[in-house]
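Worksheet for the structure shown next.
The values are calculated or read from the model by the stated rules, or taken from the named source; none is laboratory data. Note that this is a predicted model, so its numbers are computed, not measured. Heads up, the Cβs are rebuilt from the backbone with ideal geometry, glycines too, and the neighbour counts pull from every protein chain shown. For accessibility, only protein heavy atoms count, side chains too; no ligands or nucleic acids. Shrake-Rupley method; radii C 1.70, N 1.55, O 1.52, S 1.80 Å.
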Amino acid sequence: DDNFKRLAGVELSPREVDYDYIKENIKIDGEPVPLLKEVLDITANKVGLAIEIKEPDTVDDVVRLVEEMEAVERVAIISFYDEALIKAKKLNNKLLTGIIYLRPPGKIIEAKKIKAEVVLPMYRLATQ
């Protein structure tokens with residue numbers, strides 16, 4: 001999200017402050033907000049992760065970190081932004097990507113065009 005309002009009740013954007021401030025002052029269910037590196041480290045060899053790109057300009061850093069943490073095989077990069085998914089695939093074509101959408105008619109054709117392997121509709125749109 002572009003701020004912590006939904007998860008922590010704080011209308012503060014992560015881009016407005018440094019991580020030390022976030023770690024000390026923002027809690028989600030009583031826990032500090034972890035760095036992506038910490039999440040990748042804690043979950044190593046245990047679970048797969050879907051990492052949502054909320055801001056397309058973060059793709060380079062996310063892909064670089066996923067590669068450094070040797071997590072390419074257990075991570076899916078997902079986003080509402082086609083350009084973020086296209087860029088992730090260009091940076092590492094082994095990454096699984098998925099497009100998120102909220103409204104009909106769906107994005108299966110768009111997903112195929114950008115070589116995304118997964119479509120993630122809003123739950124109300126999913127049917128048998």
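Residues are listed down the side, and each one gets a yes or a no for (1) in contact with a Phe, Trp or Tyr (Cβ under 6 Å, 6 or more places away or on another chain); (2) at pLDDT below 95; (3) of a type in the set (A, V, I, L, M):
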{"site": "15", "(1), (2), (3)": "no, yes, no"}
{"site": "20", "(1), (2), (3)": "no, yes, no"}
{"site": "29", "(1), (2), (3)": "no, yes, no"}
{"site": "32", "(1), (2), (3)": "no, yes, no"}
{"site": "47", "(1), (2), (3)": "no, yes, yes"}
{"site": "64", "(1), (2), (3)": "no, no, no"}
{"site": "103", "(1), (2), (3)": "no, yes, no"}
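Does residue 81 meet the test of being in contact with a strand residue (DSSP E or B) (Cβ under 8 Å, 6 or more places away or on another chain), open to solvent by 50 Å² or more (accessible area, probe 1.4 Å), closer than 24 Å to residue 125 by Cβ and of a type in the set (Ser, Thr, Tyr)? Taking the combined requirement at face value, the residue satisfies it. Selection within region 84-98: residues that are open to solvent by 70 Å² or more (accessible area, probe 1.4 Å) and part of a helix (DSSP H, G or I). The member of this set that is farthest from residue 112 (Cα to Cα) is 91.
Selection of region 16-72 for residues being assigned to a loop (DSSP other than H, G, I, E, B), farther than 29 Å from residue 101 by Cα and open to solvent by less than 100 Å² (accessible area, probe 1.4 Å) yields 17, 18, 30.
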